[in-house]
Amino acid sequence: VKAHTLAELASRFGLDLRGDGERRITGMGSLERAGPGDIAFYAGPRHAAALAQTRAAAVILRAGDLGACPSAALVADNPHAAFARVAALFDRTPHLSSGVHPSAVVDAGARIAPGVAVGPACVIEAGAVLEEGVQLGPGCIVRAGSRIGAASRLVARVTVGHECIVGRRCVLQPGAVIGSDGFGLARDGEGWVKVPQLGRVRLGDDVEIGANTTVDRGALEDTVIEDGVKIDNLVQVAHNVRIGRHSAIAACVGIAGSAHIGARVQIGGAAGVAGHLTVADDTVLTAMSMTTHTIAEAGVYSSGTGIMPNALWRRSVARFRQLDDLARRLKALERRLDGVEGDDR
Amino acid sequence: VKAHTLAELASRFGLDLRGDGERRITGMGSLERAGPGDIAFYAGPRHAAALAQTRAAAVILRAGDLGACPSAALVADNPHAAFARVAALFDRTPHLSSGVHPSAVVDAGARIAPGVAVGPACVIEAGAVLEEGVQLGPGCIVRAGSRIGAASRLVARVTVGHECIVGRRCVLQPGAVIGSDGFGLARDGEGWVKVPQLGRVRLGDDVEIGANTTVDRGALEDTVIEDGVKIDNLVQVAHNVRIGRHSAIAACVGIAGSAHIGARVQIGGAAGVAGHLTVADDTVLTAMSMTTHTIAEAGVYSSGTGIMPNALWRRSVARFRQLDDLARRLKALERRLDGVEGDDR
Amino acid sequence: VKAHTLAELASRFGLDLRGDGERRITGMGSLERAGPGDIAFYAGPRHAAALAQTRAAAVILRAGDLGACPSAALVADNPHAAFARVAALFDRTPHLSSGVHPSAVVDAGARIAPGVAVGPACVIEAGAVLEEGVQLGPGCIVRAGSRIGAASRLVARVTVGHECIVGRRCVLQPGAVIGSDGFGLARDGEGWVKVPQLGRVRLGDDVEIGANTTVDRGALEDTVIEDGVKIDNLVQVAHNVRIGRHSAIAACVGIAGSAHIGARVQIGGAAGVAGHLTVADDTVLTAMSMTTHTIAEAGVYSSGTGIMPNALWRRSVARFRQLDDLARRLKALERRLDGVEGDDR
C-alpha cells in the first residue's frame, strides 16, 4: 500500500498543515466513510455534521473551517481541487511502460516521439503523430494523418479518425470515437446522397471525452472542442459544432450540427441542443432540457416535466392537449364576467 | 438442422406433454408465424385468436389453456420462461472452443482457469483473473487486476477496466465498457481539475449489460450492480450508482452519480434518473420519464408529453409558458364570481 | 493538392458549365467561407446575400439562379446532391489497399472475394462472406456466417454479429454494433430468464449506420433495415424493428422492440419511439419527441416543451401538476357564470 505522510502532502501541494505531520495517509475517503488511514475534504456547511463525526486521519478544508475539524487538517483555498490533486497519488489506473507493444501495428510513416507507450492491439496509420508522453492503452486506433498531443492518454479502444487533432494532456475514455462522419445527406429523389465530410475534429488541450462518446468531423470546416472542455459518456457532438473553453457536458447529451456552445457552459445529462444556434457563455442547461433556439443571455434554463404517479400524469397529459382550448375558454369567461359585472353596476 | 422430439423437451425441462411425443421440433416461432416444425408459447387471452389459428407443431402453455390449443402442447407454470429455456437449444450464438487464441495478448501475470476461451485479438493484463468457463469473444480487453466470474461471457469487443469485478454467468454485449472513469470534476478558477476515480465497478451474478452501455467506476467507493440486473444497450450508469437485484433497465437510460436504484425496479427506455436520490424497490419508471427526486413508495411513475400534430403542439407549448399566468387569472375569476354571486344573494 | 477543372467536373457529373472551364477547383466550401480555389453550392433564397458576396471560384446552382451568381457556375437540377457528388472527389478518408493485413485473423472457412481489403486487427469468423470491393478498416469483427455486401465499408472497429446480413454499398461508422442480443426477458419468480435471440439483422443496400449505434438481432424473426436508410450516431434499434426504405434517423434516437417505421420517415435527434406500433410512411417526428402510439397518417408530429428561464419553468411545472384541477375549476366557473347570466335575464 502506498503511503504519504501529511507533512509530505502539505509540502508537495503547497497546503498548510495543522496537526501531526508524521501521520501516514494510505487512501482517500468521504467524510462519512473515511477510515483512520484516509484523507477527506470538507465542501461546506451542508456537510458540517459529517465533519464533526469523521474518522478520517485528516481533512482538507478552508482555514475558516479549522475550528470545526476534529482531526488533523490540510488548509487549502479550494479544498475540492486540492483533494483531486492528492487523489492522483492513489490512482491505480494502469500506467503503460513506454515503447510499442509487439502486437501493435504501426505504419512506417507514423511518427512516434520518445517515451510514448503504444499498448497491445493498437493500430497507428501512416502520417499519424504521437507526441512525447502519449499513452495508448490496448486496442486504440489512430488513423492516417492524425496528431495526438503531448501527454494525452487514450485509455483503451479509442478511435481517432483521419487527420484529427487531439491536444495535450487530453484523456479519451474507452470506446470514444473522434472523427466519425457527420450526418450529411442531400435529398435525391426518394432517397439520399451521402455528403462527404471533409472537415476534421480539433480537440484543444486538457479535454476529456467520455466512454462511447462520439464527435463527428466537420462537413467543410472543423468540429472544434476548445481547451479544458470535459465531456461525459455517450454524448453526441455533431459536425461543425464548436464548444467553448472549460464547458462541461454530462452524459447522454446530444448537440446537433453547427451549434455553437459558449465558454464555461454546463449542460446536464440527456439534454438536447438543436443545430445552428448559439448558447451564451456561462449558461447552465439543466438535465433533459430541450434547447431549440439561441440563448443570448447567460442564466439557468430548464425544460421538461418531472415524474408523477402514472394516473395523475395521464390526466395532466390529457389536459395538456387541451391547453389552448382551456386558455381560450378562460379568456371568454373573463369577457363574460366583465359583462356581468358591468350589468351589475 | 437441430431437432428435438417433444418428449425429449418435456423430459429435459420438466414439462407435461400433451399430444404426439415423437413430433420433431426444429425451431421456435411466434403463434402467428410458427411453421409445422416450430414450437410457440401462449402468453394469455390477448393472444387467443392467434392460438386458435396457429400452425405451430406445439405450444407451451398453462394447463388451464389446454382446451383452446389446436396442436400438441407442453404444459408449464410459466410458459414464457419455459419457452426461453427451450429456445436456448436453438441458439446459434458462436461458442468459442476453450483455449487462448494465438493472436490474443495475455500477460504472464494473468490467471486463466482451465476451460476458458479467449478469442482472437483479446488483451488480458497482469493480475486479471478469468474463472472457469469464461468465454471472451474477439477483441475483448480485461485490464489489470480485474476478475471475470465463472461462466461469464464477454460477447465481443468488451472493455473491463482495471480492478473491476464481473460476477458469474454474466453476459456483456459488444462495445460495453465497464469501469470507465466517473465524471468527477473540481472547479479550479475558470476551469476544472479531474478528480481521480479510485473506486471500482462490481457486477453481481447473472447480470446482463447491453451493447455500447457504459458503467463508470466509483469515485471513492464502488459502483455496484447487484445479482440478476439486466441492462439494455446505450445505457449510462454513472459513478457510485447502486442498482438492486433483478432490476431491468431498457435502452438509452441515463442514471446520474450516486443514485440508488432499488430491487426489482423497471426503467423504461430513455428515462433519466438524477443523482443522489433513491428509487424504492419495485418502482416502475416509464419510458422517457425524468426522475429528479427520491421515490419513497413503489408505484408506476411517468412524465413527458406524447406527440401531437405539430401545429397543435406549438399552441400547447405556447400556453404551457403561460400556465402560471392562466392559473392566476383563473383564481382571480373565481374571486370575482364569488363577489358577483354574493351581490346576487 | 488534388485539382479538377470546372470543365472536367461539368462533364464528369453531367452539369452545364457557365464561365471559364479551365478554372481549377481544389476544394469545397460554403458560400460564406469558400476561397478562390473552392466550389460552393446555392440552396435557395435564404442564402441570396451569401451568394452575392461569395469568393468561391464557382457555385453549383439551378439554372434560374444564374443571374444572381457573381462567379462561374455549374448548373444542376439538384445543386445539393451535385455538390455531394463533387465533394466525393476531395474526400481524404483513408482507402485501404486490397488484401488481408497480416495482423488480421481470418478463419479458413470465411469467403473473401477478390479485391476486398481487410485492415489490421480485424477478425473474420468461419462462414463469413465478404463480397467484392468490401473495405474493412482496422479492428472490425465479422462473426460466423455473416455476409457483407459488395462495396460496403466498415470504417473501423465495427462489430457484425453472427449470421447478420449487410447489403451493398453500406457504410458502418466506428463502434457500430450490428446484431447484439435483443433485450428479451421472461419473468421467473423475482428475477428474469434471458430469452435467446434467434433472429438476425438484415440491412438493405446503401444503408448508413452511425458511430456507436446499436442494432439488435431479432428475437424470432429478423430486425430489418431497408434500402437507403440513414442512421446517425448513438441510435438504438431494438429487436424486431423494421425501418422502411430511405428513412433518416438522427442521433440519440431510441426505437423500441417490434416498432415498424415506414418509408421516407424522418426522426429528429433524441426522439423515442415505443414498441409494437407503426409509423406511417413520410411521417416526420421532431427532435426529442415521444411517440407512444401508432401514427396512421403522415404529418409532422412533436412533443416536449422547450427551455425557459429556470424560475419560470419551476412555476410552469408546478402548474402542470395542477392542470386537471385547473381544468375542472374552469368548467365549474363556466357553469356558475351560466347560472349568474341566467339569473340576470
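The values are calculated or read from the model by the stated rules, or taken from the named source; none is laboratory data. Note that the structure is predicted; figures quoted are calculated from it, not measured. Every residue, glycine as well, gets a Cβ built from its backbone with ideal geometry; the counts of neighbours run over all protein chains shown. Surface accessibility is based on the protein's heavy atoms, side chains included, excluding ligands, DNA and RNA. Shrake-Rupley method; radii C 1.70, N 1.55, O 1.52, S 1.80 Å.
Computed quantities for the displayed model
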read-out	value
Subset of segment A:274-283 [open to solvent by less than 60 Å² (accessible area, probe 1.4 Å) and not aliphatic (A, V, I, L, M)]	A:275, A:283
Odd one out for residue C:109 among (1) within 14 Å of another protein chain (Cβ to nearest Cβ); (2) within 30 Å of the chain's Cα centre (by Cα); (3) surrounded by fewer than 16 Cβ atoms within 10 Å (Cβ to Cβ)	(2)
Given (1) more than 21 Å from residue A:145 (Cβ to Cβ); (2) surrounded by 15 or more Cβ atoms within 10 Å (Cβ to Cβ); (3) in contact (Cβ under 8 Å) with a residue 40 or more places away in the chain, number of the condition residue C:104 does not satisfy	(3)
Count of segment C:153-208 residues which are in a loop (DSSP other than H, G, I, E, B), in contact with an Asp or Glu (Cβ under 6 Å, 6 or more places away or on another chain) and either facing chain B (nearest Cβ under 9 Å) or more than 30 Å from residue C:115 (Cβ to Cβ) (or both)	5
Residue match in segment C:335-343 (condition: open to solvent by less than 70 Å² (accessible area, probe 1.4 Å) and under 22 Å from residue A:312 (Cβ atoms))	no
Conditions (1) assigned to a strand (DSSP E or B); (2) buried (at least 24 other Cβ atoms within 10 Å of the Cβ): number failed by residue B:224	(2)
So residue A:120, is it in a loop (DSSP other than H, G, I, E, B), surrounded by fewer than 22 Cβ atoms within 10 Å (Cβ to Cβ), touching a residue at least 12 places away in the same chain (Cβ under 8 Å) and within 11 Å of chain B (Cβ to nearest Cβ)	no
So residue A:24, is it at pLDDT 95 or above, open to solvent by 60 Å² or more (accessible area, probe 1.4 Å), in contact with a strand residue (DSSP E or B) (Cβ under 8 Å, 6 or more places away or on another chain) and closer than 23 Å to residue B:182 by Cα	no
Filter result for the condition that a residue is among the hydroxyl-bearing types (Ser, Thr, Tyr), more than 13 Å from every other protein chain (Cβ to nearest Cβ) and out of contact with any Ser or Thr (no Cβ under 8 Å at 6 or more places or on another chain), over B:30, B:71, B:98	B:98
Boolean, residue A:132 is surrounded by fewer than 24 Cβ atoms within 10 Å (Cβ to Cβ), more than 9 Å from chain C (Cβ to nearest Cβ) and acidic (Asp, Glu)	yes
Residues that are farther than 14 Å from residue A:29 by Cα, among the small types (Gly, Ala, Ser) and more than 7 Å from chain B (Cβ to nearest Cβ), drawn from segment A:74-93	A:76
Identity of the residue in segment C:239-249, in a loop (DSSP other than H, G, I, E, B) and in contact with a Lys or Arg (Cβ under 8 Å, 6 or more places away or on another chain), that ends up farthest from residue C:185 (Cα to Cα)	C:246
Meets criteria (more than 30 Å from residue C:80 (Cα to Cα), touching a Gly at 6+ places or on another chain (Cβ under 8 Å) and of a type in the set (Gly, Ala, Ser)) for residue A:199	no
Residue within segment B:168-175 that is more than 19 Å from residue B:233 (Cα to Cα) and either open to solvent by less than 20 Å² (accessible area, probe 1.4 Å) or in contact with a Pro (Cβ under 9 Å, 6 or more places away or on another chain) (or both) present	no
Yes/no for residue A:139 being closer than 11 Å to residue A:104 by Cβ, out of contact with any Leu (no Cβ under 7 Å at 6 or more places or on another chain) and either modelled with pLDDT of 95 or more or within 14 Å of chain B (Cβ to nearest Cβ) (or both)	yes
Residue check for residue A:243: surrounded by 24 or more Cβ atoms within 10 Å (Cβ to Cβ) and within 11 Å of chain C (Cβ to nearest Cβ)	no
In segment C:185-219, the residues that are among the aliphatic types (A, V, I, L, M) and surrounded by fewer than 23 Cβ atoms within 10 Å (Cβ to Cβ)	C:185, C:186, C:193
Complete set of residues in segment C:284-317 that are more than 10 Å from chain A (Cβ to nearest Cβ), open to solvent by 40 Å² or more (accessible area, probe 1.4 Å) and either within 24 Å of residue B:326 (Cβ to Cβ) or not in a loop (DSSP other than H, G, I, E, B) (or both)	C:284, C:300, C:315
Contacts under 7 angstrom Cβ, first residue in segment A:250-274 being within 11 Å of chain B (Cβ to nearest Cβ) and part of a loop (DSSP other than H, G, I, E, B), partner open to solvent by 20 Å² or more (accessible area, probe 1.4 Å) and of a type in the set (S, T, N, Q), 6 or more apart	A:268/A:286
Residue check for residue C:145: part of a loop (DSSP other than H, G, I, E, B) and open to solvent by less than 40 Å² (accessible area, probe 1.4 Å)	yes
Unique residue being open to solvent by 50 Å² or more (accessible area, probe 1.4 Å) and touching a residue at least 12 places away in the same chain (Cβ under 8 Å) when the list is A:1, A:59	A:1
Residue match in segment A:293-315 (condition: in contact with a strand residue (DSSP E or B) (Cβ under 6 Å, 6 or more places away or on another chain), aromatic (Phe, Trp, Tyr) and free of Cβ contacts under 8 Å to residues at least 12 places away in the same chain)	yes
Filtered residue count, segment B:323-334, keeping only those that are open to solvent by 50 Å² or more (accessible area, probe 1.4 Å) and facing another protein chain (nearest Cβ under 7 Å)	1
Residue list for segment B:89-101, restricted to those being hydrophobic (A, V, I, L, M, F, W, C) and open to solvent by less than 50 Å² (accessible area, probe 1.4 Å)	B:89, B:90, B:96
